[in-house]
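Before we start, here is the structure in question, set down as structure tokens.
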Amino acid sequence: MKCVRCGVGASVRLRRHRTSFCEKCYTLYFERQVERAIEEFDIFRKDENVLVAISGGKDSMSLWNVLLEKGYRVIALHIDLGIGQYSRSSREVVEKFAKEKGAELIVYDLKERHGKSLPTLIKERKKLVPCRICGTVKRYVMNRVALEHEMDCVVTAHTLDDCCAFLPASLLSWDLEQISRQDVLLDAGEGLVRKAKPLYRLTDEECRLYVMINNIPFVDEKCPYSRGALSIQLKNIFNQLEKRIPSVKQQFYFGFLRRGKKAFQKNIEEASLVPCRICGMPTIKGRDVCFFCTLMQGKGG
Ligand code: SF4
Ligand code: ZN
């Protein structure tokens, strides 16, 4: 097995591309895929300020490293959700990496800022799925920090696997609005910063290879709330399918971007947004207080 790029012995095989790389060329391939996504969707320019959300896992650490290596103007944001040892290990990895690279990092400690950690919010809202609460918190914090720091764009490390799993998860409940908002790039709106997923061309496994080859530290522990999460089960199904049909993930998600999303978008009216009475961040018209502030107030069941 030879590297398709330089011809030396290959150590990485990518079945979905029917190709092999040596470690050096694999790194080039990976970084090029990120740059290609940025260019293809015109996500941000080199002179724009980008906030990159870093959990400390392999995907976000890969993205952070690529953006730093390629000279983008990035500030990393790590949200300390207060999930026991998992959050402590994650924060440690992220802080150490930022120090080593001389990279700018904002640590947003949820309990310190708002008096409640994620486990507390989950206990107060037993009827809600933990990841839904967590998603609301993360989206809110990312947007708020991006606005406060006058960032042009927020990027997350959602991979091809995440993007694939998201679609059937929304289809199971026929949440057309969620599907219609599924995209690589979401433009800025009133009180909302531009958001994008520059890793959409790469899989979880490819991120794992990138961090291993480049000795990038990452947290290998799983969040305790991920056990039994629908997204993980759907990712497993896609992995099984990919073994039988290499490149099925890519066909599915890239096909959605090319053809599927238009079909959903035309049936959905843009929700009108108004400022939340408490924090001033955007919320859906008719809702006086945003979901984040409602969570923090501890109302509801
Ligand atoms: Fe949040 Fe769920 Fe991810 Fe845990 S698994 S960090 S609760 S989204
Ligand atoms: Zn609010």
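Taken together, the values in this text are just the output of simple stated rules run on the coordinates, not laboratory data. Source: prediction; values computed, not measured. All Cβ positions, even for glycine, are placed from backbone atoms using ideal geometry, and neighbour counts span all protein chains on display.
Which values of log₁₀ I(q)/I(0), to two decimal places, follow from the Debye formula for the stretch 50-90 at q = 0.33, 0.35 Å⁻¹ with a uniform point scatterer at every Cα?
Normalising to I(0) and taking log10 leaves -1.11, -1.18.
By average Cβ neighbour count within 10 Å, what is the ranking of 109-122, 51-64 from highest down?
51-64, 109-122
Compute from the Cα atoms of the chain the Rg and the Dmax, the latter being the longest Cα-Cα distance, and quote both in angstrom.
Radius of gyration, then largest Cα-Cα span, for the chain: 19.5, 62 Å.
Take peptides 133-145, 229-241 and line them up by average Cβ neighbours within 10 Å, highest first, as a rough protection proxy.
My ranking of the peptides, most packed first, is 133-145, 229-241.
Relative contact order (percent) for the chain, with alpha-carbon contacts under 8 angstrom and 6 or more residues of separation?
About 20 percent, as a whole number.
Given Cα pairs under 8 Å that are at least 6 residues apart, what percent is the relative contact order of the stretch 1-105?
It rounds to 17 percent for the stretch 1-105.
Report Rg/Rh for the stretch 146-301, rounded to two decimals, where Rg is the Cα radius of gyration and Rh the Kirkwood radius.
Ratio value, two decimals: 0.99.
While we're on this one: Could you go through the stretch 163-168 in sequence order and give the Karplus-derived ³J(HN,Hα) for each residue, using 6.51 cos²θ - 1.76 cosθ + 1.60 with θ = phi - 60°, rounded to whole Hz, and x for Gly and Pro?
Calculated HN-Hα couplings, in order: 4, 5, 5, 5, 5, x Hz.
Distance between the C-alpha centers of the stretch 131-148 and the stretch 235-273? Whole Å please.
Taking the Cα centre of each part, the stretch 131-148 and the stretch 235-273 sit 24 Å apart.
Suppose R0 equals 45 Å. What FRET efficiency, 1/(1 + (r/R0)^6) with r the Cβ-Cβ distance, do residue 18 and residue 287 give to the nearest 0.05?
E(calc), rounded to 0.05, equals 0.35.
Give me, ordered by chain and number, the residues 5 or more places off residue 108 or on other chains with an amide H under 5 Å from its own placed amide H.
For residue 108, the qualifying residues are 78, 79, 80.
Angle between the Cα long axis of helix 204-213 and the longest principal axis of the chain, 0 to 90 degrees, nearest 10?
With both axes taken from Cα atoms, the answer is about 60 degrees.
Apply the Karplus parameterisation 6.51 cos²θ - 1.76 cosθ + 1.60, with θ equal to phi minus 60°, to every residue of the stretch 126-138 and state each ³J(HN,Hα) to the nearest whole Hz, in sequence, with x for glycine and proline.
4, 7, 9, 5, x, 5, 5, 4, 4, x, 4, 4, 5
log10 I(q)/I(0), Debye, Cα-only the stretch 137-235, no solvent, q = 0.14, 0.23, 0.24 Å⁻¹?
-0.69, -1.33, -1.34
In the structure shown, do any of 99/126; 111/266; 138/262; 58/116 have a Cα-Cα gap over 31 Å, and if so which?
In this structure, 99/126; 111/266 exceed 31 Å between Cα atoms.
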